[in-house]
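The values are calculated or read from the model by the stated rules, or taken from the named source; none is laboratory data. In this text, all values refer to a predicted model and were calculated from it rather than measured experimentally. Methodologically, a virtual Cβ is constructed for each residue, glycine included, from the backbone with ideal geometry; neighbour enumeration extends over all protein chains shown.
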Amino acid sequence: MISKVALISNSFNPGVSDFFLSKLGVDNVVYFKNKNLTTDRKVRISSYTKKSAGDFFFIIDLFLSFYVLFICVKKSVKTVIFDNAHISNIPLAFLLKIFGKKLVFTIHDWIPHPGKNKIVTKLYNFCVKTILSDEIIVFSEVSDFNSCPIIKQKLAGFIDISNNDDLLSKLNSGPLLFFGRFEPYKGIGNLLNIIPALRKLGITNKIIIAGSGFSEHINELSSFEGVEVINQFIEDEYLITLFSHASVSLLPYDSATQSGVTVLSYMFGVPVVAYNVGNLSEDIVVNKTGQLVKHLDHHQFAKSCMDILNNHQFYIANSRNRFLSTHSEECSLLQFKKYISKF
């Protein structure tokens, strides 16, 4: 059997691994993955590195690049798709390019987020955009780029871990939830103004702020009555509990491309309120799956939460339908099959 396409996921970050796993089992595709990603023996190992920016195991990945090249040549692979960003993609891509393979890269963050990984991500994107890629897959609109074709896809492939039977029994008295790693660009500090605005409108719902990382605002946020800060890595079991009970998902971001938290919220039928920054408007359907608010308009942010709570069942149904029709595993698989059919 001749395989025309190889799909590689060198990252096993929970935020991106589902995109890869949802595409397994397609004929004429050779799969490569990080050692830690899946135990499926049909998927070959292409990396051991545990961090996308690299670690000691990167040396092993360099040698594995020759193994991946060998398999791609042996299987007559013509096109190689990198499913997510990872430092080990770069040396492998140079090898594959020398041997004439068409390279397709997936870039989740076209403009790197502020934070400790910004420089590394910027350098990675530069290599991909200007040297290595023959096509680039993105999940949000890109302008003023003509170096190679841009393929816009939907952020899909999320494994449905919700209990669908319980969605419509959600109460609008459930917590308002901020979920995600504590990074400066996610606007955790904006909650210092949003929370008083919520209380002023008479919204007494508990507010949960959950995620790992550091924020200088943790102590001050914890001092608010009715606010719980859970500053730790959130395991899947607890994540399910948080979203199953949440009434509204809060995204007070200062910048963004797309957001996996939005899709995760929709999975559990949780509508979203967000500042209208980056490309969030591409996936938040105003007056259906949530509300978009002018950046830093804290009063309107709180009022939007109230509007959703007053029409809660309507927003729950639309949010869940958005997940099923756009972001599910089935959607990802169909999107992948359609894309590779041209090769």
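Overview of values
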quantity	calculated
Flag for TYR266 being surrounded by 23 or more Cβ atoms within 10 Å (Cβ to Cβ), in contact (Cβ under 8 Å) with a residue 24 or more places away in the chain and aromatic (Phe, Trp, Tyr)	yes
Single residue of ILE81, ILE71 found to be touching a strand residue (DSSP E or B) at 6+ places or on another chain (Cβ under 8 Å), β-branched (Val, Ile, Thr) and over 25 Å from LEU334 (Cβ atoms)	ILE71
In region 275-291, residue surrounded by the most Cβ atoms within 10 Å (Cβ to Cβ) [restricted to those that are more than 17 Å from LEU155 (Cβ to Cβ) and in contact with a Leu (Cβ under 8 Å, 6 or more places away or on another chain)]	TYR275
Region 234-267, subset within 16 Å of the chain's Cα centre (by Cα) and in a loop (DSSP other than H, G, I, E, B), residue farthest from SER281 (Cα to Cα)	ILE234
Condition met for ILE151 (modelled with pLDDT under 95, aliphatic (A, V, I, L, M) and outside the structural domain of SER319 (by TED's automatic domain parsing))	yes
Qualifying residue in region 306-315 (condition: outside the structural domain of GLN153 (by TED's automatic domain parsing), charged (D, E, K, R) and touching a strand residue (DSSP E or B) at 6+ places or on another chain (Cβ under 8 Å))	yes
Single match in VAL293, VAL273, VAL248 (criterion: in contact with a Ser or Thr (Cβ under 9 Å, 6 or more places away or on another chain), free of Cβ contacts under 8 Å to residues at least 24 places away in the same chain, among the hydrophobic types (A, V, I, L, M, F, W, C) and within 17 Å of ILE188 (Cα to Cα))	VAL293
Region 296-321: number of residues that are within 27 Å of HIS108 (Cβ to Cβ) and crowded, with 16+ Cβ neighbours inside 10 Å	6
Any pair with Cβ under 6 angstrom, 6 or more apart, that starts in region 18-46 at a residue that is of a type in the set (Gly, Ala, Ser) and ends at one that is crowded, with 20+ Cβ neighbours inside 10 Å	SER22/GLY157; SER22/SER332; SER46/ILE8; SER46/ASN10; SER46/PHE32; SER46/LEU64; SER46/VAL68
Count of residues meeting criterion [over 16 Å from the mean Cα position of the chain (by Cα) and among the polar types (S, T, N, Q)] in region 268-279	1
Criterion violated by ASP144 - all others in (1) out of contact with any strand residue (DSSP E or B) (no Cβ under 6 Å at 6 or more places or on another chain); (2) among the acidic types (Asp, Glu); (3) in the same structural domain as GLN313 (by TED's automatic domain parsing) satisfied	(3)
Enumeration of residues in region 38-81 that are closer than 24 Å to LEU123 by Cα and among the aromatic types (Phe, Trp, Tyr)	TYR48, PHE56, PHE57, PHE58, PHE63, PHE66
Residue match in region 50-64 (condition: of a type in the set (Ser, Thr, Tyr) and out of contact with any His (no Cβ under 6 Å at 6 or more places or on another chain))	no
One residue from LEU192, LEU171, LEU239 being surrounded by fewer than 20 Cβ atoms within 10 Å (Cβ to Cβ) and free of Cβ contacts under 8 Å to residues at least 40 places away in the same chain	LEU192
